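See below for the structure under consideration.
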Amino acid sequence: MNKPLGTGSVETKVLSGNYAAAYGAKLAQVEVVSFYPITPATSMLEKVAEFVFKKELNAHVIMAEGEHSAMSLMVGAAMAGARCFSGSAGQGIAYMHEPLQAAGRGRYPMVLVNCSRGLYHGSNNEHPEHDDSMTVRDSGWVQLFCESSQEVLDTVIMGYKIAETISLPVMPIQEGFYMSHAYEPVHLPHPEAVAYYLPKEPRRIHVDPSKPAKFGSWDVSSFRLKYELHQITAAAVQVAKDANAEFKELFGRSWEVVEPYKCDDADVIFMAVGTLAKSCRVLVDQERARGRKAGFLKVKLFSPFPAREIAAALTGCRKVAIIQRGFSYGHGGHLAIETKAALFDAGVRVPIFEFVSGLGGTDIPMSIYQEIADYTYGHDCPEEKVIWKGVPAN
């Protein structure tokens, strides 16, 4: 296919994160959509079904009887070579966990958007938290955090580029309600440009009646397969970087695996994922106005973790402050755990201040960010391994 002339935006719409994901699936010309409704992801999947009903998208839409079945259908369709799309959140991610593991370990390319929300904790919580996403971290899925509706749309499109290039499933992550239901201007790329950008080669077909094979049988040789999956998953860091470079060339927007903001001369660098990035940039600007050399490092690609890129970005600063909306109980925040390991392996020795806030969708006002900054600047090293901020009173 020749490079299209119209690589700019066709139009600009005001879309929620959910609708942006649906438009991304439409532009990618997905062929199978399998899902089960769950808050706050339902409107995304309803929008895709609307596209099919209006004959704007030629796809099979299947509303399964539950998330386990929805992901099982996705695995089967991907095995047959279809371009698949789905979305879920929280308990839905938990319920589909068995076939979700099969998708990652079987290397079946697909895209599932997670409207990240808190998992069951004595009561249901439909508000933003990263617990559900973190349960998928070690399953072979490529995970990409988003902070805006535009980034959601672009990441769905890039997700298929990554998935079909390296044959791995991809999970774009947007925070429930904060992103899924927040409306922002979104520039829609030209459909021909998207078709040019996405892979042209026929997708790998695992199920072929002319070539009988067995799947899911008892296997004592999975050690080798897991070794190979590790090698392939690690290579996804470079695949994601290449996919972004090509996306930037075609569409003029860039979503780096890590994105530094005013880090060149920073003595303290804040880190976060998702919508926390917006507040962190405001914090950095405020700190700069106070005469403090602050910077911010946004982490977009979480799994596989871009350890070398993060170590390079943090080399030279005096302190690192990590703000997290997810937590491994009894241990620490997931972003801090990964960052500490990355810096240790790279021989970078710098105090890491680990903050946890906003669990269960609790708001994080700018006053909390300011407390985090003042604490970090006011201490040579953290007094506790994990510092909790904004915990509501009983």
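The values are calculated or read from the model by the stated rules, or taken from the named source; none is laboratory data. Every value quoted in this text rests on a predicted model; they were computed, and no experiment measured them. We place every Cβ from the backbone using ideal geometry, glycine too, and count neighbours over all the protein chains shown.
Any residue at all in the stretch 377-385 that's surrounded by 15 or more Cβ atoms within 10 Å (Cβ to Cβ), in a loop (DSSP other than H, G, I, E, B) and without any contact (Cβ under 8 Å) to a residue 40 or more places away in the chain? Yes, the stretch 377-385 contains a residue that is surrounded by 15 or more Cβ atoms within 10 Å (Cβ to Cβ), in a loop (DSSP other than H, G, I, E, B) and without any contact (Cβ under 8 Å) to a residue 40 or more places away in the chain. Looking at the stretch 213-229, is at least one residue under 22 Å from the mean Cα position of the chain (by Cα) and not assigned by TED's automatic domain parsing to the domain that holds Ile310? Checked the stretch 213-229: at least one residue is under 22 Å from the mean Cα position of the chain (by Cα) and not assigned by TED's automatic domain parsing to the domain that holds Ile310. Of all residue pairs spaced 6 or more apart or on separate chains, those with beta-carbon atoms under 6 Å, a first member in the stretch 50-69 that is surrounded by 14 or more Cβ atoms within 10 Å (Cβ to Cβ) and a second member that is part of a loop (DSSP other than H, G, I, E, B) are Phe51/Leu57; Val52/Ala59; Ala59/Val30; Ala59/Glu31; Ala64/Tyr36; Glu67/Tyr36; Glu67/Met96; His68/Met96. Does Ala336 satisfy the criteria of being small (Gly, Ala, Ser), within 21 Å of Ser279 (Cα to Cα) and without any contact (Cβ under 8 Å) to a residue 60 or more places away in the chain? Against the criterion (small (Gly, Ala, Ser), within 21 Å of Ser279 (Cα to Cα) and without any contact (Cβ under 8 Å) to a residue 60 or more places away in the chain), Ala336 qualifies. The set of residues in the stretch 257-272 being surrounded by 24 or more Cβ atoms within 10 Å (Cβ to Cβ), farther than 17 Å from Ser303 by Cβ and touching a residue at least 60 places away in the same chain (Cβ under 8 Å) consists of Phe270 alone. Among the residues of the stretch 170-213, those identified as assigned to a strand (DSSP E or B) and either free of Cβ contacts under 8 Å to residues at least 24 places away in the same chain or basic (Lys, Arg) (or both) are Asp208, Lys211. Could you check the stretch 244-302 and list, in sequence order, the residues that are among the small types (Gly, Ala, Ser), touching an Asp or Glu at 6+ places or on another chain (Cβ under 7 Å) and farther than 15 Å from Leu335 by Cβ? Passing the criteria: only Ala294. Report yes if some residue within the stretch 305-317 is more than 26 Å from Val239 (Cβ to Cβ), at pLDDT below 95, more than 17 Å from the chain's Cα centre (by Cα) and surrounded by fewer than 20 Cβ atoms within 10 Å (Cβ to Cβ); otherwise report no. Among the residues of the stretch 305-317, not one is more than 26 Å from Val239 (Cβ to Cβ), at pLDDT below 95, more than 17 Å from the chain's Cα centre (by Cα) and surrounded by fewer than 20 Cβ atoms within 10 Å (Cβ to Cβ), which makes the answer no. Within the stretch 273-303, the set of residues being more than 12 Å from Ala373 (Cβ to Cβ), among the charged types (D, E, K, R), in contact (Cβ under 8 Å) with a residue 40 or more places away in the chain and not in a strand (DSSP E or B) comprises Lys278, Lys300.
Taking the criterion of being part of a strand (DSSP E or B) and in contact with a Leu (Cβ under 7 Å, 6 or more places away or on another chain), the residues of the stretch 304-362 that qualify are Val320, Ile322, Ile323, Gln324. Taking (1) outside any loop (DSSP other than H, G, I, E, B); (2) under 16 Å from the mean Cα position of the chain (by Cα); (3) over 23 Å from Asp345 (Cβ atoms); (4) without any contact (Cβ under 8 Å) to a residue 24 or more places away in the chain in turn, Asn244 satisfies each apart from (4). Return yes or no: is His181 surrounded by fewer than 23 Cβ atoms within 10 Å (Cβ to Cβ), closer than 15 Å to Ala89 by Cα and in contact with a strand residue (DSSP E or B) (Cβ under 9 Å, 6 or more places away or on another chain)? Answer is yes for this residue.
Among the helices (runs of 4 or more DSSP H) contained in the stretch 56-152, which hold 2 or more residues that are among the charged types (D, E, K, R) and in contact with a Gly (Cβ under 7 Å, 6 or more places away or on another chain)?
Fully inside the stretch 56-152 and qualifying: 131-134.
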